[in-house]
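Visitor: Input: one structure, supplied below.
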Amino acid sequence: MNNLGFQHDDEAKKVSSLVGSSYTSDAIFQLEKQTLLRYLPHFVCTANKVAEPGQYAVCDSGTESVIVACDEDNQLNAFANVCRHRGTRLIDTSTLDGNAGTEPKRLKCFTCPYHAWRYDLKGKLISARQEEQGNPAMQNMRLRALSAQESAGLVFYHGNPVHYPQIEQLEQILGSLALENTVVGARKTYPVKANWKLWVENFLECWHCAPNHPELSSVKRFISQFEANDLPHYMQDDKSWREHAISTGWTPPVDNEFSSTPQFFNFNVSMPLAEGKKSATKTGERLGPALGGNEGLQGGALFGALGPQLFYMAYVDYLVLFSVKPHTVGETFVDIFWMVTPEFSGNKEDLMWLWDTTVQQDIFLVEQTHLGVSSMHYMPGPFCADEYRTEAFTAWWNDWKQANVDV
Ligand code: FES
Ligand SMILES: [Fe+2]
């Protein structure tokens with residue numbers, strides 16, 4: 001301790017939250033973009049939106065915009081929405097369907113609005129209004145390629161040249177929900193005045209849930225059970241739900257509390273809802289048919305991430321995708337999709353009730369934390385036991401920092 005009663009940095013580093021500059025340094029944010037965020041998977045759309053040649057979707061995140069298109073060979077291609085001539089965006093995303101991020105009409109090629117260069121569905125330059133003739137460099141020109149990867153009916157893009165096995169494994173976790181047949185029941189983008197890591201840290205622990213999320217606590221009784229150290233009742237609820245799931249022919253996936261590689265992290269856990277709740281709704285009743293006809297998820301939930309840019313929460317009749325989009329060092333967009341079956345019969349407000357409410361509560365907490373960690377008086381503090389996943393994330397991020405940031 002120094003004479004002001006603060007821990008010295010060396011002590012704080014052992015088991016504590018990140019140092020302040022991790023959240024506030026623009027230099028670190030730029031490095032994150034260049035060496036970390038560019039390789040991470042982003043959710044683009046459901047597979048049914050890009051299943052046929054000429055169909056495409058666009059995903060915007062921060063300064064980046066990426067097109068995923070299905071070509072004549074039925075292959076998915078991902079490329080930067082940046083013309084190779086002078087950089088203009090090929091697709092103006094403000095004209096796309098705001099709910100799905102897709103365009104209903106199909107294209108044979110992408111034509112730049114500026115000087116009308118044309119690219120095929122694989123991203124290859126096919127015409128520069130005759131300029132390419134006789135210019136070998138231009139004849140081989142193509143849009144900057146990224147990777148498109150599909151799993152469990154969801155389409156992702158990322159900057160890794162090879163497919164991520166962790167994305168493939170999503171099939172075992174969410175495959176029974178037939179997400180390729182779902183539609184966007186609601187979508188809302190939340191601006192958050194905070195560094196993206198504070199959002200992720202918040203989403204990785206529920207120790208803050210009891211004092212902050214009454215609606216979530218009413219749906220997920222484990223929050224009050226854990227708060228009261230009432231493990232026997234939690235175990236009973238969990239056992240009942242799992243027995244119900246198995247009786248329908250579906251076994252919840254084995255929990256993975258947190259796995260990581262230097263590239264990204266993932267986890268998946270399942271849990272029961274409060275007794276009597278069929279789904280995570282105000283009344284506890286379902287709002288529509290079971291996703292993929294999987295009745296086993298009734299009364300329970302799956303929660304996981306292809307972190308740190310995508311979290312998901314699945315209930316029997318809807319799935320919520322939380323797409324975390326770092327914008328600047330101090331601003332993050334959280335783009336939320338509520339996915340339902342085409343036969344969904346509930347209304348949007350009921351569908352959005354739980355997570356719209358909970359996310360707004362989280363935004364307050366995270367923005368207040370961003371203000372706090374920006375203070376010269378902020379010192380990293382110790383994690384508590386229930387913050388184990390947040391602690392694992394900060395260790396993962398510190399490994400990235402050690403490898404990439406000159407201190
Ligand atoms: S900027 Fe695209 S054709 Fe000129
Ligand atoms: Fe929260």
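The values are calculated or read from the model by the stated rules, or taken from the named source; none is laboratory data. Source: prediction; values computed, not measured. Cβ coordinates were reconstructed from backbone atoms using ideal geometry, including for glycine residues, and neighbour counts include every protein chain displayed.
Visitor: I need the strands (runs of 3 or more DSSP E) fully contained in the stretch 140-253, keeping only those with at least 2 residues that are within 15 Å of ligand 2 (Cβ to nearest atom).
Guide: In the stretch 140-253, 183-192 are the strands (runs of 3 or more DSSP E) which contain 2 or more residues that are within 15 Å of ligand 2 (Cβ to nearest atom).
Visitor: Another one. Return a yes/no flag: does the stretch 267-275 have any residue that is touching a residue at least 40 places away in the same chain (Cβ under 8 Å) and loosely packed, with under 15 Cβ neighbours inside 10 Å.
Guide: In the first step, residues of the stretch 267-275 are kept if they are touching a residue at least 40 places away in the same chain (Cβ under 8 Å); the result is 267-268, 271-275.
When the remaining residues are screened for being loosely packed, with under 15 Cβ neighbours inside 10 Å, the result is 275.
Checked against the condition, which is being touching a residue at least 40 places away in the same chain (Cβ under 8 Å) and loosely packed, with under 15 Cβ neighbours inside 10 Å, the stretch 267-275 yields at least one hit.
Visitor: Can you find a residue in the stretch 62-71 that is hydroxyl-bearing (Ser, Thr, Tyr), closer than 15 Å to ASP335 by Cα and within 16 Å of ligand 1 (Cβ to nearest atom)?
Guide: yes
Visitor: Within the stretch 254-265, does at least one residue satisfy the condition of being at pLDDT below 95 and over 22 Å from the mean Cα position of the chain (by Cα)?
Guide: no
Residue-by-condition table, conditions (1) modelled with pLDDT of 90 or more; (2) within 16 Å of ligand 2 (Cβ to nearest atom); (3) acidic (Asp, Glu):
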site: ASN3; (1), (2), (3): no, no, no
site: PHE29; (1), (2), (3): yes, no, no
site: TYR56; (1), (2), (3): yes, no, no
site: CYS70; (1), (2), (3): yes, no, no
site: GLU103; (1), (2), (3): no, no, yes
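Visitor: Name the residue, out of PHE364, PHE393, PHE333, PHE344, that is closer than 25 Å to ASP60 by Cα and more than 16 Å from ligand 2 (Cβ to nearest atom).
Guide: Step by step, each of PHE364, PHE393, PHE333, PHE344 is checked, and only PHE333 is closer than 25 Å to ASP60 by Cα and more than 16 Å from ligand 2 (Cβ to nearest atom).
Visitor: Here is a follow-up. Only one of these is on the phi > 0 side of the Ramachandran plot, at pLDDT 95 or above, more than 16 Å from ligand 2 (Cβ to nearest atom) and assigned to a loop (DSSP other than H, G, I, E, B): GLY87, GLY134. Name it.
Guide: Values: GLY134 fails: at pLDDT 95 or above.
Sole residue among the options that is on the phi > 0 side of the Ramachandran plot, at pLDDT 95 or above, more than 16 Å from ligand 2 (Cβ to nearest atom) and assigned to a loop (DSSP other than H, G, I, E, B): GLY87.
Visitor: For the stretch 368-386, what are the residues that are at pLDDT 95 or above and within 13 Å of ligand 2 (Cβ to nearest atom)?
Guide: GLN368, THR369, listed by residue number.
Visitor: Taking the residues in the stretch 124-167 that are within 14 Å of ligand 1 (Cβ to nearest atom) and of a type in the set (S, T, N, Q) as candidates, determine which candidate is nearest to LEU90 (Cα to Cα).
Guide: SER127
Visitor: Sticking with this structure for a sec: Could you identify the single residue in LEU76, LEU36, LEU90 that is more than 24 Å from GLN166 (Cα to Cα) and surrounded by 14 or more Cβ atoms within 10 Å (Cβ to Cβ)?
Guide: That would be LEU90, the only listed residue that is more than 24 Å from GLN166 (Cα to Cα) and surrounded by 14 or more Cβ atoms within 10 Å (Cβ to Cβ).
Visitor: Let me ask something else about it. Considering LEU354, LEU365, which residue is of a type in the set (A, V, I, L, M, F, W, C) and touching an Asp or Glu at 6+ places or on another chain (Cβ under 7 Å)? Full working, then the answer.
Guide: Values: LEU365 fails: touching an Asp or Glu at 6+ places or on another chain (Cβ under 7 Å).
Criteria check complete, one pass: LEU354.
Visitor: May I pose another question? Against the definition (under 22 Å from THR189 (Cβ atoms), assigned by TED's automatic domain parsing to the domain that holds ARG286, touching a Pro at 6+ places or on another chain (Cβ under 9 Å) and not small (Gly, Ala, Ser)), how does THR341 come out, yes or no? Don't jump to the end; show me each part of the working.
Guide: Numbers: under 22 Å from THR189 (Cβ atoms): no; assigned by TED's automatic domain parsing to the domain that holds ARG286: yes; touching a Pro at 6+ places or on another chain (Cβ under 9 Å): yes; not small (Gly, Ala, Ser): yes.
No; evaluated as a whole, the condition is false for this residue.
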